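Peer 1: Following this message is one structure expressed as structure tokens.
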Amino acid sequence: MFLFEGQNLGTDNVSVIEGEMATISCRVKNNDDSVIQLLNPNRQTIYFRDVRPLKDSRFQLVNFSDNELRVSLSNVSLSDEGRYVCQLYTDPPQEAYADITVLVPPGSPIMDSQEDVVSEGNETELTCTAMGSKPAASIRWMKGEQELTGKMTVDETYDGMFTVTSRLRLTVSKEDDGAPVSCIIDHPAVKDLRAQRYLEVLYQPEVKIVQAFPEGLTREGENLELTCIAKGKPQPHQISWLRVDDDVPSHTVITGSDLFIENLNKSYNGTYRCVASNAVGEAYDDYILFVYDSRAGDGAPQKIDHAVIGGVVAVVMFAILCALIVLGRYFARHKGTYFTHEAKGADDAADADTAIINAEGGHNNTEEKKEYYI
């Protein structure tokens, strides 16, 4: 609200979008029955109290009282823009001013590119134009979630409107292929006005060699199968195999992206290269072949089964223990018999000499004594 010091009359400035409705309010404090009227920018009377002298039906009375004169203006156009006057017949007369600003939204943005398709590493330019706005619009750029900065120019047309153009230059990579680029129009008369297009980027192949067979080490006598995986835009049109610093073995079979060598031997050791190319460029990947002895392990340490080892040790120890017991019993048995023969007849002999003679000579005794130790 704008009130001049010492006056009781006030009003507000109005901003309105072209084609919509504006409302002007003339308000009075402590009115002493003075007359209120509303004048257009040409100082023609629109309303005098609650009477409309002006023959423009777009103006309609919304409210009239001693303290307010409120008038609406429908279907606002640029010609309606200007300073409207609220006037109060006092001595001296009082005036307050309401500026109507008409906003004109821009048309749909026009987005164009320097080229439809661009190769990786090259620079391209995008342009975005917002035409016929008032006031001038501003333009922002987004690539995915990343905000970019363009160079903007503003041109005013003969009818007081503005055309805004923004130019964005960027260097593209293969990661930009398919990325959305948007130009966003900021203007008080419109929200979320944008244009969008997707980048199309050509890039050279990405090459990777995969060992399809065998899964582990490459041993003598086995077969080798390699597959070359190549992706690019456009798709690689040529894939070739070669052996670095030497010729490929004579019986090598090459079928497109696959290389097959049977019955490997150590003379085939070396670096095998897959080369792929398209319209953008050429790339390769290397595979180093090392042929192991046919008895070579698969490169992974064998898992030790401690339970099996423990069982074997237990069996061996048990066998040794059993052998010791058998041998002990055997020696004990023979040792007991010896002592028994040596003492044979000792009880019946008259003296020691006779006892020895009886033991060695084997004289008949009524009963032979033997001792066994268990």
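Just so you know, all these numbers are worked out from the coordinates, no wet-lab data involved. Small disclaimer: the values here were computed from a predicted structure and weren't measured. Glycine also receives a Cβ, built like all others from the backbone with ideal geometry; neighbour counts cover every protein chain displayed.
Peer 1: Starting from the amide H of G107, placed 1.01 Å from N in the peptide plane, find each other amide H under 5 Å away whose residue is 5 or more places distant or on another chain.
Peer 2: Close amide H contacts, sequence-distant or interchain: M131.
Peer 1: Next up: Taking every alpha carbon pair in the stretch 108-170, what does the distance histogram look like in 10 angstrom bins from 0, in percent?
Peer 2: 21, 46, 25, 8, 1
Peer 1: Hey, another quick one. Would you mind checking which residues have amide H under 5 Å from I46's amide H? H placed 1.01 Å from N; only 5 or more apart, or other chain.
Peer 2: L38, L39, N40
Peer 1: As a test of the definition: which semi-axes, in Å, follow for the stretch 1-160 when you take the square root of five times each eigenvalue of its alpha carbon gyration tensor? Largest first, please. Provide the component values of the computation, followed by the final result.
Peer 2: Working: eigenvalues 460, 49, 29 Å².
The equivalent ellipsoid of the stretch 1-160 has semi-axes of 48, 16, 12 Å.
Peer 1: What does the extension gain come out to for D293 and I309, with contour length at 0.36 nm per residue minus their alpha carbon separation? Write out the running numbers ahead of the final one.
Peer 2: Details: separation 16, 0.36 × 16 = 5.76 nm, distance 2.88 nm.
So the chain would gain 2.9 nm between D293 and I309.
Peer 1: What does the charge dipole of the stretch 167-318 about its Cα centre add up to, to the nearest 20 debye, if the Cβ of each Lys and Arg holds +1 and the Cβ of each Asp and Glu holds -1?
Peer 2: Computed charge dipole of the stretch 167-318: roughly 680 debye.
Peer 1: In whole Hz, what ³J(HN,Hα) sequence does the stretch 314-321 give by Karplus (6.51, -1.76, 1.60; θ = phi - 60°), x for Gly and Pro?
Peer 2: Along the stretch 314-321, the couplings run 4, 4, 4, 4, 5, 5, 4, 4 Hz.
Peer 1: Along the Cα-to-C-beta direction of T171, a point sits 7 Å from the Cα; which residues of the stretch 182-209 have their amide N less than 15 Å from that point?
Peer 2: Those under the cut-off are none; the list is empty.
Peer 1: Once the piece of chain linking S113 and Q146 is laid out straight, how much longer is it, given 0.36 nm per residue of separation minus the C-alpha distance between them?
Peer 2: Numbers: separation 33, 0.36 × 33 = 11.88 nm, distance 1.89 nm.
Full extension from S113 to Q146 adds 10.0 nm.
Peer 1: Please pull out the direction-averaged projected area of the stretch 191-333, using the convex hull of its alpha-carbon atoms, in nm² to one decimal place. Can you show the working numbers first?
Peer 2: Numbers: hull surface 78.6 nm².
Over all viewing directions, the stretch 191-333 projects a mean Cα-hull area of 19.7 nm².
Peer 1: What order, most packed first, do the peptides 254-263, 22-31 have when packing is the mean number of other Cβ atoms within 10 Å of each residue? Write down the numbers at each step before the final one.
Peer 2: Values: 254-263: 15.1, 22-31: 18.3.
Result, highest mean Cβ count within 10 Å first: 22-31, 254-263.
Peer 1: With each pseudo-label sitting 7 Å past Cα toward Cβ, what's the N30-S267 distance in nm, one decimal?
Peer 2: 11.9
Peer 1: Also, quick follow-up: Can you give me the long-range amide H partners of I17? Hydrogens built in the peptide plane at 1.01 Å from N, cutoff under 5 Å, separation of 5 or more residues or another chain.
Peer 2: L103
Peer 1: Moving to a separate point now. Starting from 0.36 nm per residue, how many nanometres of slack lie between S72 and A319 once their C-alpha separation is accounted for?
Peer 2: Between S72 and A319, full extension yields an extra 77.2 nm.
Peer 1: At R0 = 35 Å, how high is the FRET efficiency between T153 and R43 if r is their beta carbon distance? Nearest 0.05 is fine.
Peer 2: 0.35
Peer 1: Given a cut-off of 29 Å, name the pairs among K208/K266; K151/K174; K55/K191; K134/K174 whose C-alpha atoms lie farther apart than that in the structure shown. Write down the numbers at each step before the final one.
Peer 2: On the way: K208/K266 24 Å; K151/K174 25 Å; K55/K191 36 Å; K134/K174 40 Å.
From the list (K208/K266; K151/K174; K55/K191; K134/K174), the Cα-Cα distance tops 29 Å for K55/K191; K134/K174.
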